[in-house]
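Here is the structure we will look at.
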Amino acid sequence: MIEIRDVTKRYDGTTVLDRVSLTIEPGGVTSVIGPNGAGKSTLLSIVSRLAPADGGTVTVDGLDVAATPGEVLARRLAVLRQENHMPVRLTVRELVAFGRFPHSGGRLTPADLALVDEAIAYFELEPLADRHLDQLSGGQRQRAYVAMVLCQDTDYVLLDEPLNNLDMRHAVQMMRRVRRMADDYGKTVVLVMHDINFASCHSDTIIAMKDGAVAAQGPTARMMTPEVLGPVYGLDIDVHELGGSRIGVYFS
Ligand SMILES: Nc1ncnc2c1ncn2[C@@H]1O[C@H](COP(=O)(O)OP(=O)(O)O)[C@@H](O)[C@H]1O
Ligand SMILES: [Mg+2]
């Protein structure tokens with residue numbers, strides 16, 4: 001379980017997270033939605049120990065993330081940042097193998113290598129495996145980063161805008177993979193999503209953030225309503241039932 005209690009974050013005196021409290025139960029897929037600047041990435045950074053909070057606490061299975069050594073947390077929780085700053089002279093294979101580091105400490109076992117190969121194959125990166133990251137398109141690079149994070153094989157997986165730059169086919173594959181991780185392997189997946197309809201079709205729970213606070217949260221079907229979504233985005237959003245899911249329409 002991830003427990004976020006009264007988490008506050010300020011930048012230069014501006015409060016960007018204001019006493020946020022949330023409980024994310026183990027298992028299932030949770031999507032965090034909300035407009036630009038709502039505080040979604042900041043919250044994920046604090047939960048994954050990439051940034052300190054100015055107040056409040058986060059625990060993952062009872063471990064206080066602020067007080068837990070990085071390598072201990074990395075065996076339990078993996079995170080894809082919205083902006084990645086890895087040395088570009090890594091190849092795709094080297095990057096994906098990097099995901100095994102918390103387990104292997106750099107000495108890859110045959111089991112580690114099998115996980116690396118499986119992730120490379122799943123994300124259709126085989127033809128690109130020996131290319132350097134700066135020789136890839138944005139979407140190809142995004143797939144390589146996600147493959148690295150999933151290779152970490154942690155109970156908790158946090159992905160900040162995993163569909164960034166992806167074409168439709170790869171976006172659907174990504175969401176199927178995420179769903180399978182939760183359904184077949186019991187992992188707890190938290191996604192920051194821009195596309196409310198991908199969130200609707202693939203999440204169990206939606207958390208809507210606005211202005212550094214949680215605006216609404218609940219089971220996906222209850223969140224996919226004009227009454228909930230409209231005020232979050234400041235936009236008229238129609239919601240229709242389609243193929244068993246609720247689809248928001250807001251294009252014009
Ligand atoms: N390093 C930083 N310095 C100053 N302000 C920041 C920094 N990082 C984020 N912010 C601000 O914090 C707010 C929340 O940002 P962020 O968490 O990235 O939003 P979201 O991911 O929901 O779009 C925004 O107003 C953003 O400008
Ligand atoms: Mg963000």
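In the calculated pair distance distribution of the chain, what percentage of Cα-Cα distances lie above 25 Å? Of all Cα-Cα distances in the chain, 44 percent exceed 25 Å. Legend: calculated FRET efficiency, V249 to A213, from the Cβ-Cβ distance at R0 = 30 Å, rounded to 0.05, equals 0.65.
Under the classification rounded if a/c is under 1.5, otherwise prolate if a/b is larger than b/c and oblate if not, where does segment 84-125 fall, given a ≥ b ≥ c as square roots of the Cα gyration tensor eigenvalues? Verdict is oblate for segment 84-125.
Straight-line cross-link reach from K9 at under 20 Å between alpha-carbon atoms covers these aspartates and glutamates, not counting any fewer than eight positions away in the same chain: D18, D54, D64, E83, D160, D211.
Between the alpha-carbon centers of segment 39-62 and segment 159-181, tell me the distance in whole angstrom. A separation of 24 Å, based on Cα centres. Excluding L115 itself, what net charge comes from residues whose Cβ is under 11 Å from its Cβ, given Lys and Arg +1 and Asp and Glu -1? It works out to a net charge of -3. For the chain, the longest principal axis of the C-alpha atoms and the axis of helix 110-122 are separated by about 50°. Phi angles across segment 87-102 convert, under the Karplus curve 6.51 cos²θ - 1.76 cosθ + 1.60 with θ = phi - 60°, into 3J(HN,Hα) values of x, 6, 7, 6, 7, 4, 4, 5, 5, 4, 4, 4, x, 7, 3, x Hz, Gly and Pro given as x. For segment 102-187, the gyration tensor built on C-alpha atoms gives an oblate shape. Its axis ratio a/c (a ≥ b ≥ c) is at least 1.5, and a/b is not larger than b/c. Other residues within the sphere of radius under 14 Å centred on the Cβ of R75, judged by their own Cβ, net out at -1 (K and R +1, D and E -1). Dipole magnitude for segment 89-198: about 60 debye, using +1 per Lys or Arg Cβ and -1 per Asp or Glu Cβ, origin at the Cα centre. Surface analysis of the chain yields an accessible area of 48 Å² per residue, using protein heavy atoms and a 1.4 Å probe. The heavy atoms of S41 offer some 40 square angstrom of accessible surface to a 1.4 angstrom probe.
Counting charges near S21 (Lys, Arg +1; Asp, Glu -1) among other residues having Cβ under 10 Å from its Cβ returns a value of 0. When the Cα gyration tensor is reduced to axis lengths a ≥ b ≥ c, the ratio a/c is 1.5 or higher for segment 123-252, and with a/b above b/c it is classed as prolate. Its DSSP H runs of at least 4 residues, each contributing -39,500 (n - 2.57), put the calculated 222 nm mean residue ellipticity of the chain at -10000 deg cm²/dmol, to the nearest 500. Distance from the C-alpha centroid of segment 95-129 to that of segment 217-252: 38 Å, rounded to the whole angstrom. Its residue count N sets the reference 2.2 N^0.38 Å, and the alpha-carbon radius of gyration of segment 38-164 equals 1.08 times that reference.
The values are calculated or read from the model by the stated rules, or taken from the named source; none is laboratory data. None of the values given here were measured: they were computed from a predicted structure. For neighbour counting, all protein chains shown are included, and Cβ atoms are generated from backbone atoms with ideal geometry for every residue, glycine included. Note: areas computed on protein heavy atoms with side chains; ligands, DNA, RNA excluded. Shrake-Rupley method; radii C 1.70, N 1.55, O 1.52, S 1.80 Å.
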